[in-house]
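A.B. asks: Sending over a structure as structure tokens; questions will come in a sec.
The values are calculated or read from the model by the stated rules, or taken from the named source; none is laboratory data. Keep in mind that this is a model prediction, so the values were computed, not measured. Here the Cβ positions follow ideal geometry from the backbone for every residue, glycine too, while neighbour counts run over all protein chains shown.
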């Protein structure tokens, strides 16, 4: 008779973190990330047209948005710069603007650089 209570996987059943570990997430190729970043920047510009804030997600893209002071040359009056992974987390709602700023994942300067009213892109 088999001993059904003995399991080699029993420790996994009591460790739900094992199923959601970072290495359990699929890897997304660079081209897909680039496309997602560029599309979301385009969508941000469509929802908040203007030239007073520059949003940079190097190395994949940058856009200008939000009405206000228009600049012609040099650095705009407000700049937001984030890594691609952080940007996609912000636009999908996986991370809030406040949490990303508090964690130091957002480099934002200028009066209108708070994008919390525009993110996530629902």
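A.B. asks: Residue 103: more than 19 Å from residue 39 (Cα to Cα), free of Cβ contacts under 8 Å to residues at least 12 places away in the same chain and loosely packed, with under 14 Cβ neighbours inside 10 Å, yes or no?
C.D. replies: In short, yes.
A.B. asks: Take residue 18 and tell me if it is modelled with pLDDT under 95 and in contact with a helix residue (DSSP H, G or I) (Cβ under 7 Å, 6 or more places away or on another chain).
C.D. replies: Yes.
A.B. asks: Hey, another quick one. Can you tell me how many residues within region 67-97 are over 23 Å from residue 34 (Cα atoms) and modelled with pLDDT of 95 or more?
C.D. replies: Qualifying residue count, region 67-97: 0.
A.B. asks: Can residue 100 be described as outside any helix (DSSP H, G or I), at pLDDT 95 or above and in contact with a strand residue (DSSP E or B) (Cβ under 6 Å, 6 or more places away or on another chain)? Lay out the reasoning, then the answer.
C.D. replies: Working: outside any helix (DSSP H, G or I): no; at pLDDT 95 or above: yes; in contact with a strand residue (DSSP E or B) (Cβ under 6 Å, 6 or more places away or on another chain): yes.
Considered against the rule, which asks whether it is outside any helix (DSSP H, G or I), at pLDDT 95 or above and in contact with a strand residue (DSSP E or B) (Cβ under 6 Å, 6 or more places away or on another chain), residue 100 comes out as no.
A.B. asks: Quick check: anything in region 72-92 more than 19 Å from residue 122 (Cα to Cα), in contact (Cβ under 8 Å) with a residue 40 or more places away in the chain and surrounded by fewer than 19 Cβ atoms within 10 Å (Cβ to Cβ)?
C.D. replies: Checked region 72-92: no residue is more than 19 Å from residue 122 (Cα to Cα), in contact (Cβ under 8 Å) with a residue 40 or more places away in the chain and surrounded by fewer than 19 Cβ atoms within 10 Å (Cβ to Cβ).
A.B. asks: Another question, if that's okay. List every residue pair whose Cβ atoms sit under 6 Å apart, with the two residues 6 or more apart in sequence or on different chains, where the first one lies in region 30-51 and is touching a residue at least 60 places away in the same chain (Cβ under 8 Å) and on the phi < 0 side of the Ramachandran plot and the second, anywhere, is in a helix (DSSP H, G or I) and surrounded by 12 or more Cβ atoms within 10 Å (Cβ to Cβ).
C.D. replies: Once the first residue is touching a residue at least 60 places away in the same chain (Cβ under 8 Å) and on the phi < 0 side of the Ramachandran plot and sits in region 30-51, its partners that are in a helix (DSSP H, G or I) and surrounded by 12 or more Cβ atoms within 10 Å (Cβ to Cβ) give 40/91.
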